[in-house]
Amino acid sequence: MEFSRLEINRRTALLTSAAIAANVLNPLRAFAAETPRKGGVFNVHYGAEQRQLNPSLQASTGVYIIGGKIQEPLVDLDAAGNPVGVLAESWESSPDGKTITFRLRQGVTWHDGKPFTSDDVAFTALNMWKKILNYGSTLQLFLTAVDTPDPHTAVFRYERPMPLNLLLRALPDLGYISAKHIYETGDIRQNPANLAPVGTGPFKFNKYERGQYIIADRNENYWRPNAPYLDRIVWRVITDRAAAAAQLEAGELHYSPFSGLTISDMARLGKDKRFVVSTKGNEGNARTNTIEFNFRRKELADIKVRRAIAHAINVPFFIENFLGDFAKLGTGPIPSTSTDFYPGANTPQYPYDKAKANALLDEAGFKREAGGNRFALRLLPAPWGEDISLWATFIQQSLSDVGIQVEIVRNDGGGFLKQVYSDHAFDLATGWHQYRNDPAVSTTVWYRSGQPAGAPWTNQWGWEAPAIDKIIDDAATEIDPVKRKALYADFVTRANTELPIWMPIEQIFVTVISAKARNHSNTPRWGSSTWHDLWLAE
Amino acid sequence: MRILSLAGRRLAASIPTLFLILIGVFLLLQFAPGDTVDAMMAQMGGGDAATARTLRKFYGLDLSVPVQLGNYLWRLVRLDLGYSAIYGKPVTTVILERLPPTILLMTASLSFAFFAGLVLGVIAARGVNKWPDTLISTVGLIFYATPSFWFGLMAIMVFSIYLQWLPAGGFEDIGATQSGLGRTLDIARHLVLPTLTLGLIFLAIYLRIMRASMLEVLNLDFVRTARAKGLDETRVVIRHVLRNALLPMVTLIGLQAGTMLGGSVVVESVFSLPGLGRLAYESVVQRDLNTLLGIVFVSALLVIAVNFLVDLLYARLDPRISAEG
């Protein structure tokens, strides 16, 4: 098994990139001449069933991939990555940043025929985003009220200034609207609509057979003219990645989103003319691989040791030989895809330098013992993807070269979160940091101190830096975009200097889609978007 | 009447075992780090500590372990399997939905393995150490040694991708509104590959047991008597040898009915079938205690039932074993 992964060497990676380029370019050229075809059933690979299909209640790609076709957000991102109205038509902020007004689209109806109004927006914002939605509850912490002067205006009132560009970049993920008349009675968490969503989107929920499939059909009354093209979308539950690749080849699936296949299958299908394999359309779902340090270990509390560990690992070699084209060298917590905030690579970096790593460890006072060892660490890899597993093994071998023995302790998802973020029973942990288009959404929580134990993907390292905390807090309420960008550049420089977490690899999810699909991957969060313009060629 | 009292006694003897198993599984899952809320957070990709507290309360996880266990057993006594955390439905409903595909797959592959194993075992024993025996034994060994996920994927490659004869996965055609015979045929088409994949491994065991048991019985005195009586070889084999040689096979069915339920996780995943094995796996990963215990409960009932049938079969096959025990 391990050897088959190793086969993706540089050469395969290069071939794959050529194939990807060819595949992506040809259909694009063809677009101009083709007239969209109405009809057809689009079959989607659905890897892990969720407890929830309503994106106003759970922010995750596993929900957007289905709920994002049925329900719609206020705003989404356009092809260039700029906010574009969906259920909202325009917006403005008051000079003090405490009042943000949305003008809503008129003539939109829910799938059950009732009109969409500002009451729905107010209800969703106050009862779902603020109280239940993950990341939404943090984003809307200072939201005090939503006024509805008329059915097509929603006025968000904040206790502290809310930067408009933060809200607009967060809302594509955290701004889905649910119908008030469906949810106003009873417990929101137990509402039957959570698994049979009612929305305003281009597709209407039809049927959910647990463990098998979900079906949504064309919404004949969709507000965009002549949309959607597809008759039906079917999400097929396939938990085995190799089986999903086989079903793509057998023509039973059209699309496997969010790196749903094994790395070797993605590389293989990339050379097949029947498929397009690309990271395009996933720029809004960037992530970085991490190494998280537990400062409760005295060795790791020493900054020299953390830097030595970073210098000891040959990241470019790992990327080239294991991840191929699907990853690139990371430079810190804000990935290069985030054009609005990326500070460049001129922040402190830790290139591979074994001699320097050894010298730093000696300097820190952890000399090699008789057997050549300095000390031993427990590394907990997250079970989210095969790249993490490979990366953990690579860390283990690299650190063993500089005299640090690493024991890898594997857990499933629940076990990993509990041990790392609740019990702090780790020395090193590695997983993904998900970047959600603005650092204030899900990035700075990795660094801000004072996070209660049990909050996953937050600063649980036993590390605190008041100067960094201050920058994080200031940036979250800074309404001048230029000043905000400067604050985040300062934040990255300091974070990379202190190195409580190291984020040396940048990845974007990989899409595998049938070459017959048209108008796909045309926005930065396409897999999550509504697919109103997607169509299938004969 | 005798059968009924035997059934009653059997059931009475199984109840304490059942409770011990359930308590064991309950405690075992407490040792696994993380609970269903952690698993849910993992799925959501984030959440704050306050949300986690509300959710723990919602799922009744804020209570102490003995109280949770006590509540569970008390509900069980009233035949209430509780509420599934991942499915948001009563566990009984969730399991009943998954039971038909599992039982279909299990009976189909067990019957396939049993009958094919029986026939091949007899052929091998008749031609012991000659080429049919060598061929059958070698092929059996290969089947036994091959992992089932590989078999499944290869079968999909050949029959679904290249030949395009059979579907690559799923339980039935989606959206097809067939009923009656059409639907039955559709489901049967979907089950061919999984049945073969799951059956082949068991086939190897059955054929080896059958062969060994045939060889043993063939050397017994009463077989010599039957031959001396002038019976032809076919009658000797069918009337005298086969019936006696079947006993170990029947024992094996009873034992494997349980294995098959758990062993189908892999096959269900490869062929995307909505069965109990996958449900159990998912409940472990999601730490959905109620669902998992419910599955253990139902599986245990199934195994008890199958073993009871096996006991009855024993008595039919060998009158020396009476149902009185």
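The values are calculated or read from the model by the stated rules, or taken from the named source; none is laboratory data. Here the structure is a predicted model, which means the values were calculated and not measured. Positions of Cβ are backbone-derived with ideal geometry, glycine not excepted, and every protein chain shown enters the neighbour counts.
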Any chance B:Thr36 is among the hydroxyl-bearing types (Ser, Thr, Tyr) and farther than 16 Å from B:Val285 by Cβ: no
Residue match in region B:163-183 (condition: of a type outside the set (Asp, Glu), in a helix (DSSP H, G or I) and within 24 Å of B:Thr259 (Cβ to Cβ)): no
When residues of region B:153-166 are limited to those that are within 23 Å of the chain's Cα centre (by Cα) and within 7 Å of chain A (Cβ to nearest Cβ), the one farthest from B:Val267 (Cα to Cα): B:Ile156
Subset of region A:362-380 [closer than 18 Å to A:Ala301 by Cα and in contact with a Gly (Cβ under 7 Å, 6 or more places away or on another chain)]: A:Arg374
Hits in region A:229-245 (condition: under 26 Å from the mean Cα position of the chain (by Cα) and in a loop (DSSP other than H, G, I, E, B)): A:Ile238, A:Thr239, A:Asp240
Total residues in region A:246-259, condition over 22 Å from A:Lys207 (Cβ atoms) and more than 10 Å from chain B (Cβ to nearest Cβ): 2
Verdict on B:Leu292 being within 30 Å of A:Tyr213 (Cβ to Cβ) and within 14 Å of chain A (Cβ to nearest Cβ): yes
Neighbours by Cβ (under 8 Å, 6+ apart or cross-chain): first from region A:404-421, more than 25 Å from A:Asn358 (Cα to Cα) and at the interface with another protein chain (Cβ under 7 Å from one of its Cβ atoms); second polar (S, T, N, Q) and part of a helix (DSSP H, G or I): A:Asn411/A:Gln419; A:Gly413/B:Gln43; A:Gly414/B:Thr36
Leading residue by the ranking (nearest to the other protein chains (Cβ to nearest Cβ)) among those in region A:210-228 that are of a type in the set (D, E, K, R) and assigned to a loop (DSSP other than H, G, I, E, B): A:Arg210
One residue from A:Leu390, A:Leu379 being buried (at least 17 other Cβ atoms within 10 Å of the Cβ) and within 22 Å of A:Ile263 (Cα to Cα): A:Leu390
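A quick yes/no check of all residues on (1) within 25 Å of A:Asp173 (Cα to Cα); (2) within 14 Å of chain B (Cβ to nearest Cβ); (3) not hydroxyl-bearing (Ser, Thr, Tyr); (4) not in a strand (DSSP E or B):
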residue	(1), (2), (3), (4)
A:Ala429	no, yes, yes, no
A:Thr458	yes, yes, no, yes
A:Trp463	no, no, yes, yes
A:Ile468	no, no, yes, yes
A:Ile479	yes, no, yes, yes
A:Lys483	yes, no, yes, yes
Long-range neighbours under 8 Å by Cβ, at least six apart or interchain, first residue more than 9 Å from chain B (Cβ to nearest Cβ) within region A:45-63, second in a loop (DSSP other than H, G, I, E, B) and of a type in the set (Ser, Thr, Tyr): A:Gly47/A:Thr239; A:Asn54/A:Ser178; A:Ser56/A:Ser178; A:Leu57/A:Ser178
Residue within region A:86-102 that is closer than 30 Å to A:Arg484 by Cα, at pLDDT 95 or above and in a helix (DSSP H, G or I) present: no
Boolean, B:Thr93 is surrounded by fewer than 20 Cβ atoms within 10 Å (Cβ to Cβ), farther than 17 Å from B:Ile205 by Cβ and touching a Ser or Thr at 6+ places or on another chain (Cβ under 9 Å): yes
Residue in region A:134-175 that is farthest from B:Met40 (Cα to Cα), counting only those that are within 14 Å of another protein chain (Cβ to nearest Cβ) and among the hydroxyl-bearing types (Ser, Thr, Tyr): A:Thr138
Residue match in region A:232-244 (condition: farther than 23 Å from B:Gly275 by Cβ and of a type outside the set (A, V, I, L, M, F, W, C)): yes
Residues (within 9 Å of chain B (Cβ to nearest Cβ) and surrounded by fewer than 24 Cβ atoms within 10 Å (Cβ to Cβ)) located in region A:229-245: A:Arg232, A:Val234, A:Arg236, A:Val237, A:Thr239, A:Asp240, A:Ala242, A:Ala243
Some residue of region B:263-278 being away from chain A (no Cβ under 14 Å) and within 25 Å of B:Ile103 (Cα to Cα): yes
Conditions (1) at pLDDT 95 or above; (2) closer than 19 Å to A:His520 by Cβ; (3) in contact with a Gly (Cβ under 6 Å, 6 or more places away or on another chain): number failed by A:Gly260: (1)
Residue among B:Gly117, B:Gly88, B:Gly70, B:Gly121 that alone is in a loop (DSSP other than H, G, I, E, B) and either at negative phi or not charged (D, E, K, R) (or both): B:Gly88
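Yes or no, residue by residue, for (1) closer than 30 Å to A:Leu167 by Cα; (2) modelled with pLDDT of 95 or more; (3) of a type outside the set (S, T, N, Q):
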| residue | (1), (2), (3) |
| --- | --- |
| A:His311 | no, yes, yes |
| A:Phe317 | no, yes, yes |
| A:Pro333 | yes, yes, yes |
| A:Ser338 | yes, no, no |
| A:Tyr350 | no, yes, yes |
| A:Ala357 | no, yes, yes |
| A:Arg368 | no, no, yes |
Subset of region A:131-158 [buried (at least 16 other Cβ atoms within 10 Å of the Cβ), free of Cβ contacts under 8 Å to residues at least 40 places away in the same chain and closer than 16 Å to A:Phe102 by Cβ]: A:Gln140, A:Leu143, A:Val146, A:Thr148
Cross-chain or 6+ apart pairs with Cβ under 9 Å, region B:278-292 first and assigned to a loop (DSSP other than H, G, I, E, B), then polar (S, T, N, Q): B:Gln286/B:Thr36; B:Gln286/B:Gln43; B:Arg287/B:Thr36; B:Asp288/B:Thr36; B:Asp288/B:Ser84
Pick from region B:7-46, criterion of a type in the set (D, E, K, R) and assigned to a helix (DSSP H, G or I), ranking: nearest to the other protein chains (Cβ to nearest Cβ): B:Asp38
Residue match in region A:356-372 (condition: outside any helix (DSSP H, G or I) and touching an Asp or Glu at 6+ places or on another chain (Cβ under 7 Å)): yes
Test: residue in region B:65-82 that is within 14 Å of chain A (Cβ to nearest Cβ) and surrounded by fewer than 16 Cβ atoms within 10 Å (Cβ to Cβ): no
Criterion: more than 29 Å from B:Ala168 (Cβ to Cβ) and surrounded by 20 or more Cβ atoms within 10 Å (Cβ to Cβ) - qualifying residue of B:Arg287, B:Arg278: B:Arg287
Unmet requirement for B:Trp150, which otherwise passes all of (1) away from every other protein chain (no Cβ under 12 Å); (2) surrounded by fewer than 20 Cβ atoms within 10 Å (Cβ to Cβ): (1)
From the options B:Leu255, B:Leu312, residue that is more than 14 Å from every other protein chain (Cβ to nearest Cβ) and either within 24 Å of B:Arg208 (Cβ to Cβ) or basic (Lys, Arg) (or both): B:Leu255
